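Here the structure is laid out as structure tokens; the discussion comes afterwards.
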Amino acid sequence: MLCMTALVACNEKKTNAVDLRLTQQADSLNRIIAQKDNEINDMMSTMNDIEEGFRAISAAEDRVSVARQGEGASSAERIRENMQFIKQTMQQNRELISKLRNQLRQSSVKSDELRRMLENFTQQLEEKDSQLKALQAELQAKNIQIGELTEQVSDLTTNVSTLKEETTQKSETISTQDKQLHSAWFVFGTKSELKEQRIIEDGEILRSNFNRDYFTKIDIRVDKEIKLYSRSAKVLTHHPASSYILERDANKQYVLRITNPQDFWSTSKYLVILVK
């Protein structure tokens, strides 16, 4: 009876410990989800402001076109006011695009779609700049003076070119970081081979001086199957057992299939397999 009571108490403690761990994991996951939601909402708000700015610019361009059909001081004044509004709104959109770029760079959300939208906004800004220069040329042909607009358009052209270059550089940086984030390394070999490369040393796996060049680099989003070419295989590094399976192929040789890459690589980005 004493043994049974102790066994029940032990099981209850284990159950409570598992429940606590699951609760903590759920809380952590909820915090991550909430953070990503906030980041996405902030970026969507910035995108909406940029799109609204482009709509306002297009409307102001239409008003300038209408005013050009008229004559007199009032018509010229309306043109000047709308051209000034376009200039200010272009500057606001340029600052918002820069803000969006920073948000995307600092965000934990990695999305090709968001990067494409950023590039599209930059392209729209460049197109509006070209349209504004053409409109300025037409106004000058009609001797409509709008103050310092010529100099401002020149500055805007330089800023757009710089912005386009920065966007290209940032996209390349993001792409590189994205590849690094989803990279992992694996190796399989006999015990003597692994010892020779110091992957196994004094009974321990992956001490600080092991030969990293001996590993093969993979993209964890793409590479989910590793052929081991051996009838004996054992995973030496720690990976959740539920995230992979070892299966034999038609030649009775083992193949490692990663069924849940996110869980599998969560403990280590290095995979070591002992074969014979």
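Every read-out reported here was derived from the displayed coordinates using simple, explicitly stated rules and does not represent laboratory data. Everything quoted here is computed from the prediction, not taken from an experiment. Backbone-built Cβ (ideal geometry, glycine too); neighbour counts: all protein chains shown.
Observations on the structure shown:
- Between residue 66 and residue 262, the simple label model (points 7 Å from Cα in the Cβ direction) yields a spacing of 5.2 nm.
- Using a Förster distance of 51 Å, the FRET efficiency for residue 216-residue 126 (Cβ separation, nearest 0.05): 0.75
- Shape category assigned to region 189-276 from the gyration tensor of Cα positions, a/c cut at 1.5: oblate
- At an R0 of 25 angstrom, the distance between the Cβ atoms of residue 182 and residue 243 translates into a FRET efficiency of 0.95.
- Once both labels are positioned 7 Å from their Cα atoms along Cα-to-Cβ, the gap between residue 209 and residue 137 label points is 7.0 nm.
- Residue list for region 257-276, given a label point 7 angstrom along the Cα-to-Cβ vector of residue 227 and an amide N cut-off under 16 Å: 257-258
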